[in-house]
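First the structure, in the form of structure tokens, and then the observations on it.
The values are calculated or read from the model by the stated rules, or taken from the named source; none is laboratory data. The shown structure was predicted, so the numbers you read here are calculated from the model rather than taken from an experiment. Neighbour counts run over all protein chains shown; Cβ positions are idealised from the backbone, glycine included. Just so you know, the surface numbers come from the protein's heavy atoms only, side chains and all, with ligands and any DNA or RNA stripped out. Shrake-Rupley method; radii C 1.70, N 1.55, O 1.52, S 1.80 Å.
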Amino acid sequence: MTITIPGFGELTPVDHTPEGVACWNATAAGTSVSVLVEEPATADDLDLAFIGSVLDERERLLKTAHEAVDEHLRDRPGYGPDAVAEPEFTFHPGRDWLVRFAECSVAGLGELGVVVVFNGADVVGVDELTDVELDDE
């Protein structure tokens, strides 16, 4: 089953996900987008109009995400204006969503990157993904 985000387009399902998790993704207009649903939620719980409204404002919200990363990392060695790249937008049911910068030149953050967490249009946190344990399947 595909899902369609108004004003953005169709996302295709990801075949290999952990049990109880459904994921769809697409890249369009230079923007990588993923939508995740974990049981007991279903795709019916997604607010596709909200996701579409965020993506309509993605340039402005991406600038907001960059500003949040700048404030969070500005004093770290190796941080500069081009220290993060490859933004990925990820959505779940509800108004919480995130931008993960998959590329980061700051020491210790290059492999997993940095995440800016939003609630609606407001930044609610910046997380470094250095201590996330990856499951080698």
Requested in this report: Counting only heavy atoms of the protein chains, get the accessible area per residue of the chain (1.4 Å probe) and round it to a whole Å² value.
Outcome: 58
Query raised in the report: In the range 1-105, what trypsin sites (Lys or Arg not before Pro) fall in a loop by DSSP, with at most 16 other Cβ atoms inside 10 Å?
Result: R74, R95
Query raised in the report: Given the Cα-Cα distance of V14 and E103 and 0.36 nm per residue of separation, how much length would full extension add, in nm?
Result: 29.8 nm
Report task. Could you work out the local net charge near A121, counting Lys and Arg as +1, Asp and Glu as -1, over the other residues with Cβ closer than 15 Å to its Cβ? Result -> -3
Report summary line: Calc'd 3J(HN,Hα), the range 2-10, phi into Karplus 6.51 cos²θ - 1.76 cosθ + 1.60 (θ = phi - 60°), Hz, glycine/Pro = x, comes to 8, 10, 10, 9, x, x, 10, x, 8
**Report entry** Size of electric dipole in the chain: Cβ of Lys, Arg +1 and of Asp, Glu -1, about Cα centre, debye, nearest 20
**Finding:** 620
Query raised in the report: log₁₀ I(q)/I(0) of the range 55-111 at q = 0.20, 0.21 Å⁻¹, via Debye over equal Cα point scatterers, no solvent, to two decimals?
Result: -0.76, -0.82
Report summary line: Expected vector for the range 53-70, Karplus 3J(HN,Hα) from phi with 6.51, -1.76, 1.60 and θ = phi - 60°, integer Hz, x for Gly and Pro, equals 5, 5, 5, 4, 9, 4, 5, 5, 6, 5, 4, 4, 5, 4, 5, 5, 5, 4
Report task. Report, to two decimal places, the Cα Rg of the range 31-72 normalised by 2.2 N^0.38 Å (N = number of residues). Result -> 1.46
Report summary line: Computed ³J(HN,Hα) along the range 14-23: with the Karplus parameters 6.51/-1.76/1.60, θ = phi - 60°, integer Hz and x for glycine or proline, the list is 8, 6, 10, 10, x, 4, x, 10, 10, 9
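Rounded to the nearest 500 deg cm²/dmol, what is the calculated helix-only ellipticity per residue at 222 nm for the chain, with -39500 (n - 2.57) per DSSP H run of length n ≥ 4?
On the way: 2 runs with 25 residues, N = 137.
After summing the helix terms and dividing by the residues of the chain, the value is -5500 deg cm²/dmol.
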Query raised in the report: Which whole-percent values make up P(r) of the range 1-81 when all C-alpha to C-alpha distances are grouped in 5 Å steps starting at zero?
Result: 3, 13, 19, 18, 14, 14, 11, 7, 1, 0
Report task. Using a 1.4 angstrom probe on heavy atoms only, work out the carbon and sulfur share of the accessible area of the chain in %. Result -> 46
Query - Pairs of Cα atoms farther than 18 Å apart, the chain, % - result: 56
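Counting only protein chains, not ligands or nucleic acids, how are D44, D127 ordered by accessible area (probe 1.4 Å), most first?
Numbers: D44 140, D127 75 Å².
Sorted by accessible area, descending: D44, D127.
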Report summary line: Of all DSSP beta bridges with both partners in the chain, the antiparallel percent, nearest 5, is 90
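Normalised by the residues of the chain, what does the relative contact order come to in percent, with Cα pairs under 8 Å and at least six apart? Mind dumping the intermediate values first?
Numbers: 234 pairs, mean separation 23.6, N = 137.
It rounds to 17 percent for the chain.
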